[in-house]
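Data first, discussion second: the structure below is written as structure tokens.
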Amino acid sequence: MIKVTMETQIVAPKPSDPQGPWDTIIIGSGPAGLTAAIYSTRGAASTLILGGEVWGGQLMLTTIVDNFPGFPGGVMGPKLMEDMKTQAQKFGAEFLGINVESVNLTKKPFEITAGGKTYIGRSIIIATGALTTWLDAPGVKELIGRGVSSCAPCDAPFFKGKKVAVVGGGDSAMEEVLVLTKYASEVTIIHRREEFKASAAMQEKVKGNPAIKIMWNTEVVKASGESKLESLSLRNNKTNEIIDVPFDGLFVAIGHKPASDIFVGKIDLDEKGYIEPKSEHCGTSVKGVFVAGDVIDKEYKQAIVASGMGCIAAMETLKYLEEDK
């Protein structure tokens, strides 16, 4: 039964057993997952969010978000995610900050193992997002957390007055650079091509900043250092010349990999690990399982797109639950 508060606020029901069965279980807690939870609970579906120990998606690693509608002055990424989470909980979503270990999609209701317990759901919305792609160069992964990072908003203060490099050419790389200029004494962008993929607005901010150096047609072939990063070996891919340059920090912003490993063999994925869409509206190869966000989006990778997909996935879930009665 739907409960109506003194503010006539609709709050979705919850099962008597916290392990379910839930009407829908959402795996992931970025813009796609939390938006889906807002819509599913508003549709009176009992909703469990398995948000992960590190929750909130990539916006938790950003500073100001200027392009999310409704915030003309911009909004801090973590603040936006906190507000989305609060909104979903306000409408009755249950949030658990635990990691999903496995899924069983061969029986209904579906079974999801997380935090050592099994949760039951009549439907599932996958919104697991994407993970950082690291450079495949010797020394890079070994020095993560010791000078190598993928999050300037997290780690930039540690490099005050230091010399740092950023690898990448998209909007994410430009954002990393702009954050680092507030702390580092010198910031160099290392890009393997002759031009950036970033939006014109982001490029203008970077190219117009005299504190930023750009190394075109350049690739990192090795990261060196004993207890921390000390230098990078850089190869010019036009001349093949390799030089060693001292750096205190390396920030990697070359893309992301869909977080879909737990679904291998359980649901149709493409060759890169993205979940294969089986309908125009966030359906998958398993009936009753829907998907939204960067784990399916190869093209746009924007918070507002992920939120829109979360809305669609939730509304399709509600239709499925109604038909599945």
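Here, each number is a calculation from the coordinates, and none is a lab measurement. Predicted model only: the values in this text are computed from it and were never measured. For neighbour counting, all protein chains shown are included, and Cβ atoms are generated from backbone atoms with ideal geometry for every residue, glycine included.
Ranked by Cβ crowding within 10 angstrom, fewest neighbours first, how are 215, 174 ordered?
On the way: 215 17, 174 26.
Listed from fewest to most nearby Cβ atoms, that is 215, 174.
At q = 0.24 Å⁻¹, what is the log10 ratio I(q)/I(0) for region 42-90, with the Debye formula run over Cα points and no solvent?
The Debye formula, applied to the Cα set alone, gives -0.94.
Restrict the search to region 224-292; then list the trypsin sites (Lys or Arg not before Pro) that DSSP places in a loop and that have at most 14 other Cβ atoms within 10 Å of their Cβ.
Numbers: sites: 228, 235, 238, 266, 272, 278, 287; in loops: 228, 238, 266, 272, 278, 287.
The qualifying sites are 228, 238, 272, 287.
Apply the membrane-span-like helix rule to the chain: whole DSSP H runs, Cα extent along the own long axis of at least 27 Å, mean Kyte-Doolittle hydropathy at least -1.0. List the helices found.
Working: long enough: 303-323 (30 Å, 0.78).
What comes out of the filter, once short or polar helices are dropped, is 303-323.
Check cross-link reach from residue 301 to the lysines: straight Cα distance under 19 Å, and skip same-chain residues fewer than eight apart.
Reachable lysines: 197, 257, 272.
Determine the shape class of region 134-252: with a ≥ b ≥ c the square roots of the Cα gyration tensor eigenvalues, call it rounded for a/c under 1.5, and otherwise prolate if a/b is greater than b/c, oblate otherwise.
On the way: a/c = 1.70, a/b = 1.12, b/c = 1.52.
Oblate is the answer for region 134-252, as a/c is 1.5 or above yet b/c matches or exceeds a/b.
Using the Cα centre as the reference, give the magnitude of the dipole from point charges on the C-beta atoms of the chain (Lys, Arg: +1; Asp, Glu: -1; all else neutral), rounded to the nearest 20 debye.
Numbers: 35 positive and 39 negative charges, 53 e Å.
Roughly 260 debye for the chain.
For region 1-125, what number of Lys pairs, 8 or more residues apart or on separate chains, have alpha-carbon atoms under 18 Å from each other? Let's see the in-between values first.
Working: 3/14; 3/90; 14/85; 14/90; 14/117; 79/90; 107/117; 108/117.
Value for region 1-125: 8.
Taking Cβ-Cβ under 4.7 Å as the only way to count a partner, pick out the unpartnered cysteines of the chain.
When partners are defined as cysteine Cβ atoms under 4.7 Å apart, the chain leaves 282, 311 without one.
What list do you get for 281, 191 if you sort them by fewest beta carbons within 10 Å?
On the way: 281 13, 191 22.
Final ranking by Cβ density, sparse to dense: 281, 191.
Which entry in (i) 190; (ii) 152; (iii) 137 is this structure's computed volume of the Cα convex hull per residue in Å³?
(ii)
Count neighbours as other Cβ atoms within 10 Å of each site's Cβ, and list the GluC sites (Glu not before Pro) in region 159-257 that are DSSP loop with at most 11 such neighbours. Write out the running numbers ahead of the final one.
Values: sites: 175, 176, 186, 194, 195, 204, 219, 226, 230, 241; in loops: 194, 195, 226, 230, 241.
Listed in order of number, the matching sites are 194, 195, 226, 241.
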